[in-house]
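Nothing in this text is a laboratory measurement; each read-out follows from the coordinates by a stated rule. What you are looking at is a predicted structure, and each value in this text was computed from that prediction instead of being measured. Here the Cβ is made from the backbone with ideal geometry for all residues, glycine too, and neighbour counts use every protein chain on show.
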Amino acid sequence: MKKTVLAVLFIIFCFFSGCRSNHPSSIIVDPEFNPNNIARILVTPVISSISDADDRHRMSEQTTQRILWEHLSRISEYVFLSPQSFSFALAKANKTSEVKKFKKDWIEGKGADPELLKSLDKYVNIDVILVPEIYLWHKDEADYREYGASSVTQVGMRISLVSPLSGKVLWEATDQNYLESIRTEGERVLVKGAGGFDKRIEGISETGRDIYSAPPFENVLVKVVGALVTAFPSHSMVRK
């Protein structure tokens with residue numbers, strides 16, 4: 001009987017493990033990419049395709065840059081040069097005016113201009129360039145009068161390792177995740193509180209509607225950045 005129970009539990013565990021979403025959701029590796037040839041990585045400022053209307057204070061860029069740098073600084077295998085070094089190299093190469101075009105081209109899928117990257121390589125000693133991009137930054141906040149609605153925050157991000165000589169993407173990881181705050185139930189909202197007790201949470205939106213706040217962007221961003229950095233290529237990767 002005991003063996004039967006254990007077998008059933010094992011099957012259930014395998015089933016749910018197989019159904020679990022993978023993070024990062026996508027990893028693309030160039031066949032010629034060898035992380036053992038990399039020591040110094042220049043990190044560009046975060047590129048965000050989120051419109052000013054949806055992110056007027058550009059928090060998708062500022063918050064991501066801070067959290068990403070915190071995670072990258074824990075990786076001891078590489079020397080990471082900050083986005084400030086990227087800006088400094090652009091200034092030395094008299095290419096500061098091309099930043100806007102660099103971001104626009106990247107968002108539109110045109111990649112990085114090889115000539116621009118080559119000009120940076122003259123002023124910083126680097127092996128690859130890391131380009132972080134935010135493509136999803138969204139909150140959906142529930143009106144308490146809407147039955148079965150939920151407040152959700154979504155974040156999607158991509159980080160790419162690019163050759164400074166050719167502009168070719170050598171390695172790229174993409175991930176997106178979300179956090180659901182609460183779910184409404186008619187005029188009641190059930191949400192797990194401290195100690196396991198349920199409690200009702202209320203809030204007022206900027207437009208004056210009664211809503212229930214979605215989780216902070218930072219809470220979701222930490223999950224996304226964590227997944228991407230955990231998947232970051234290591235010098236110990238086995239090459240066939």
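Which FRET efficiency, nearest 0.05, do Arg40 and His138 yield, Cβ-Cβ r, R0 35 Å?
Between Arg40 and His138 the formula returns 0.50.
For the residue pair Glu115 and His71, what label-to-label distance in nm results when each label sits 7 Å from Cα along the Cα-to-beta-carbon direction?
Between Glu115 and His71, the simple spin-label model gives 3.5 nm.
Do any of Lys95/Lys139; Lys100/Lys139; Lys104/Lys223; Lys100/Lys168 go past 29 Å between their Cα atoms, and which?
Check vs 29 Å cut-off fails for Lys95/Lys139.
Using a Förster radius of 35 Å, what is the FRET efficiency between Lys100 and Leu165 based on their Cβ-Cβ separation? Nearest 0.05, please.
Efficiency at R0 = 35 Å is approximately 0.90.
What number, in percent, do you get for the relative contact order of segment 69-170 if the mean sequence gap of Cα pairs under 8 Å and at least 6 apart is divided by its residue count? Spell out each step's value before the answer.
Details: 111 pairs, mean separation 25.6, N = 102.
Reported as a whole number, the value is 25 percent.
What is the gain in length, in nm to one decimal, between Leu179 and Thr230 on full extension, counting 0.36 nm per residue of separation less the C-alpha to C-alpha distance?
Taking Leu179 through Thr230 to full extension adds about 16.4 nm, to one decimal.
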